Amino acid sequence: KQNQLFKPIFGCEMYVAEKSLYEHTSKSDTGRHLIVLAKNEKGYHNLIKLVSKAWTDGFYSHPRTDKEQLQLHREGLIVGSACEAGELYRAIVEGESWEKLCQIASFYDYLEIQPEGNNEFMLRNGTVKSFEGIREYNRTVIKLGEYLNIPVCATGDVHFLNKGDA
């Protein structure tokens, strides 16, 4: 059965802003990244709704949504914490309390860590003094996942198949 060799997983990286964009657009909040994957047909339809509304109602510099809309259309979706531009990773870098990190992490269905090379720019811009700092951020994500019983997924933040495609 040729058609069962591949099963596509529809999803995207989205920008999520704090305020309700559909009542009063906040242009100062450009959003934090998160990953949204459809696990079934209902999720696929909800993903399309979110993406459409982000382009039409939440657009400022790029399409944005908010957590209110995400919760409203969350059925059938899997939501991940994303890269260093995500809410959770940013909160870890900013030194938020364990309680606050737990509150943020509990919103997600899975937490994401990436190879230290993906965040090497943090060495260049002075956010961390060594790769050990980046490793410590990843260990914090893993500890949160263990503590909250949320799966942790190692990803590569891959945007191109070949380096030259960039």
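Quick notes on this one:
- Residues in the range 59-75 that are open to solvent by 10 Å² or more (accessible area, probe 1.4 Å), basic (Lys, Arg) and either in contact (Cβ under 8 Å) with a residue 40 or more places away in the chain or not in a loop (DSSP other than H, G, I, E, B) (or both): Lys67 only.
- Any hit, the range 13-20, residues being modelled with pLDDT under 85 and hydrophobic (A, V, I, L, M, F, W, C): no
- Check on Ile78, modelled with pLDDT of 95 or more, in a strand (DSSP E or B) and open to solvent by 50 Å² or more (accessible area, probe 1.4 Å): yes
- Filter pass, Leu47 being more than 30 Å from Met122 (Cβ to Cβ), in a helix (DSSP H, G or I), hydrophobic (A, V, I, L, M, F, W, C) and without any contact (Cβ under 8 Å) to a residue 60 or more places away in the chain: yes
- Residues located in the range 146-166, provided they are under 15 Å from the mean Cα position of the chain (by Cα) and either more than 11 Å from Glu84 (Cα to Cα) or surrounded by fewer than 14 Cβ atoms within 10 Å (Cβ to Cβ) (or both): Ile150, Pro151, Val152, Cys153, Ala154, Thr155, Gly156, Val158, His159
- Matching residues, the range 33-43, being open to solvent by 40 Å² or more (accessible area, probe 1.4 Å) and either closer than 15 Å to Lys7 by Cα or at pLDDT below 95 (or both): Leu37, Lys39, Asn40, Glu41
- Annotation note: of Tyr147, Tyr108, the sole residue that is part of a loop (DSSP other than H, G, I, E, B) and at pLDDT 95 or above is Tyr108.
- Residue within the range 82-90 that is in a loop (DSSP other than H, G, I, E, B), over 26 Å from Ser130 (Cα atoms) and modelled with pLDDT under 95 present: no
- Test: Gly95 is within 17 Å of the chain's Cα centre (by Cα) and modelled with pLDDT of 95 or more: no
- Selected residue (criterion: surrounded by the fewest Cβ atoms within 10 Å (Cβ to Cβ)) from residues of the range 106-141 that are in contact (Cβ under 8 Å) with a residue 12 or more places away in the chain and of a type in the set (Val, Ile, Thr): Thr127
The values are calculated or read from the model by the stated rules, or taken from the named source; none is laboratory data. In this text, all values refer to a predicted model and were calculated from it rather than measured experimentally. Reconstructed Cβ throughout: ideal geometry from the backbone, glycine too, with neighbour counts over all protein chains shown. Quick note on the areas: whole protein, heavy atoms, side chains included, nothing else; ligands and nucleic acids left out. Shrake-Rupley method; radii C 1.70, N 1.55, O 1.52, S 1.80 Å.
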